Amino acid sequence: MKKITTYENKKVLVLGLAKSGFSAAKLLHELGALVTVNDGKPFDENPEAQELLSLGIKVVTGSHPIELLDEKFSMLVKNPGIPYTHPFVAKAQEMGIPVITEVELAYEVAECPIIGITGTNGKTTTTTMTGLLLNAGKSAGITRLAGNIGYPASSVAQEANPEDKIVMELSSFQLMGITDLRPHIAVITNIYEAHIDYHGSRPAYVKAKWHLQKNMTSEDYLVLNWNQKELQELSKKTKAKVLPFATDQVLETGAYSFEGVIYYDKEKVMEISEIGVPGAHNVENALAAITVAKQYNVSNEEIKETLSHFHGVPHRTQYVGEVQGRKFYNDSKATNILATKMALSGFQPEKLILIAGGLDRGNSFDELIPSLEGVKGLITFGETKEKLKDAGEKAGIPTICTAESVEAAVPVALENSEPGDVVLLSPANASWDQYPNFEIRGDRFMEAVRKLKIEK
């Protein structure tokens, strides 16, 4: 990593631990900063805080005392999940303390090119596809994944060598806290309405996503979803070279799909049917990843070989296995209606049993009804089970059942399906009514499927 002196003897506050805060605190300490960590979890239940204290880092846990800001910090590194409306963050900004997120630190010390990927949906799958493609076509170095995908960017940046590449998944929360971060290639998979409770408005959310390209120059590349008019308009406001991708239309340059085939610059790359994960949304993800790969001269043969063996990332239309002729897919990451609509588009409705439900946020599911039409069966669970049942009835689904949990829904789905059918967990809801996160919900689904295999 670069040996920078920016933080030597500077007082820096890290607000919120988890993986990114823990990594940021250790990096800043190594760079010579006078680090203070503030985390809400009590010290006795906080192994990260305990380890940092053992390194000589000042630790304040259990609450966020505003008076801590009186210590005249030069910088605050904020956990992305903490909103800017939080009293502690708002007070820091009022005092003129710069607030960044950990990905900015990663950029400052990284010695290799960064490929930044954001979007409302598809970030993780596109990031994973991109990493696989670049490693398949590598001549030197390795491509490392980082960021919102689960690997703290500041840790990965320390490990990366100059000949490596970092593919960094970036959320809108992280992008609000960048100042100088400049990816050599940036990707925006799509922009829909999301996280309004955090950002306050759709324009503010779009602005946060658009931050990804704010430091890019004519020497950099911006990959955009040309299916979206909004991104076409935004493309006029960047200094980077724009590389479009689109489905069901022919582009003069860039990646596109047309009549079942994927092309890049009008040259055939592979058949859509050869992609190892189903769904129109995964065609878009593949097109974005291919566009990046082509900037590094990855061959069509390497692209086809890699994507045909890619069967999804955990909890995102992930193939789980087959029981008595039924194929089971785990899409627990579908925590909103839009994500479930996209997942449904990848399967034949007349052979599909959908498992959906979860936290009741007060919304209806009328928007989902058109996508439910023609679906063979619906098993609902959680707080929204009755609302989803009502939506299923309006869509004319012939078989609708309710269950108390994901685990209970799996055998019900088996009983109400037949060989050749697909059982898809795509909840359209957050998990917090019954499960700590969508990962655990997905794990419970997969455990239930494995149990069925043993029993049957």
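Figures for the structure shown
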item	result
Burial ranking of peptide ranges 401-411, 382-392 (average Cβ count within 10 Å, highest at the top)	382-392, 401-411
Accessible heavy-atom area order of 54, 364, 171, highest first, probe of 1.4 Å	54, 364, 171
Crossing angle, helix 280-295 versus the chain [Cα axis fit, 0-90 degrees, rounded to tens]	50 degrees
Principal-axis tilt of helix 438-455 within the chain, Cα atoms, nearest 10 degrees	40 degrees
Tilt relative to the chain, helix 123-136 - C-alpha long axis, 0 to 90 degrees, to 10	80 degrees
Environment charge of residue 58, counting only residues whose C-beta is closer than 13 Å and scoring Lys/Arg +1, Asp/Glu -1	-1
For the chain, accessible area per residue (1.4 Å probe, heavy atoms of protein chains only), Å²	41 Å²
Overall Cα dimensions of the range 311-456, principal axis frame, Å, largest first	38, 32, 27
Neighbour net charge for residue 261 - beta-carbon separation under 9 angstrom, K R +1, D E -1	-1
Average Cα contact separation per residue, the range 298-456, under 8 Å, 6 or more apart, as relative contact order %	31 percent
Efficiency of FRET from Cβ geometry, residue 299 and residue 253, R₀ 22 Å, rounded to 0.05	0.75
Point-charge dipole on Cβ atoms (K/R +1, D/E -1) for the range 1-81, about Cα centre, debye to 20	420 debye
Mean ellipticity per residue at 222 nm, deg cm²/dmol - from DSSP H runs of n ≥ 4 across the chain, formula -39500 (n - 2.57)	-9500 deg cm²/dmol
Farthest toward positive dipole pole in the chain [+1 Lys/Arg, -1 Asp/Glu at C-beta], among 355, 20, 438	20
Kirkwood Rh and Cα Rg combined as Rg/Rh, the range 242-336	1.02
Peptides ranked, highest mean first, by Cβ atoms within 10 Å: ranges 116-123, 262-269, 342-349	116-123, 342-349, 262-269
Residue 418-residue 196 FRET efficiency (beta carbon distance; Förster radius 51 Å; 0.05 resolution)	0.80
Separation between Cα centres of the range 201-274 and the range 412-456, rounded to whole Å	34 Å
Overall dimensions of the range 25-96 by Cα: Rg and Dmax, Å	12.3, 33
Percentage relative contact order, the range 1-150, counting C-alpha pairs under 8 Å, at least six apart	22 percent
Mean separation of Cα contacts under 8 Å (6+ apart) over length of the range 169-311, as relative contact order %	18 percent
In Å², nearest 10: area of residue 229 left accessible to a 1.4 Å probe	150 Å²
Sulfur and carbon atoms: percent of accessible area, the chain [1.4 Å]	49 percent
Among (i) 79, 59, 52; (ii) 97, 56, 53; (iii) 67, 52, 41, the entry derived from the coordinates for Cα extents along the principal axes in Å	(iii)
Set of the range 35-64 residues, backbone N closer than 19 Å to the point 7 Å along the Cα-Cβ line of residue 95	35-40, 58-64
Shape call, the range 318-400: gyration tensor on alpha carbons, a/c limit 1.5	prolate
Net +/- balance of residues flanking residue 112 in space, Cβ distance below 9 Å, scoring K and R +1, D and E -1	-1
Order by protection proxy (mean Cβ within 10 Å, highest first), peptides 281-287, 212-218	281-287, 212-218
Gap separating the Cα centres of the range 144-191 and the range 1-80, nearest whole Å	21 Å
For residue 39, solvent-accessible area (1.4 Å; no DNA, RNA or ligand), Å²	20 Å²
Residue pairs, from the table 333/385; 138/209; 138/304; 165/207; 2/123; 327/453, whose Cα atoms sit over 20 Å apart	138/209; 165/207; 2/123
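The values are calculated or read from the model by the stated rules, or taken from the named source; none is laboratory data. Keep in mind the model is a prediction, meaning the values are calculated, not measured. All Cβ positions, even for glycine, are placed from backbone atoms using ideal geometry, and neighbour counts span all protein chains on display. We work out accessible area using only protein heavy atoms, side chains counted, and drop any ligands, DNA or RNA first. Shrake-Rupley method; radii C 1.70, N 1.55, O 1.52, S 1.80 Å.
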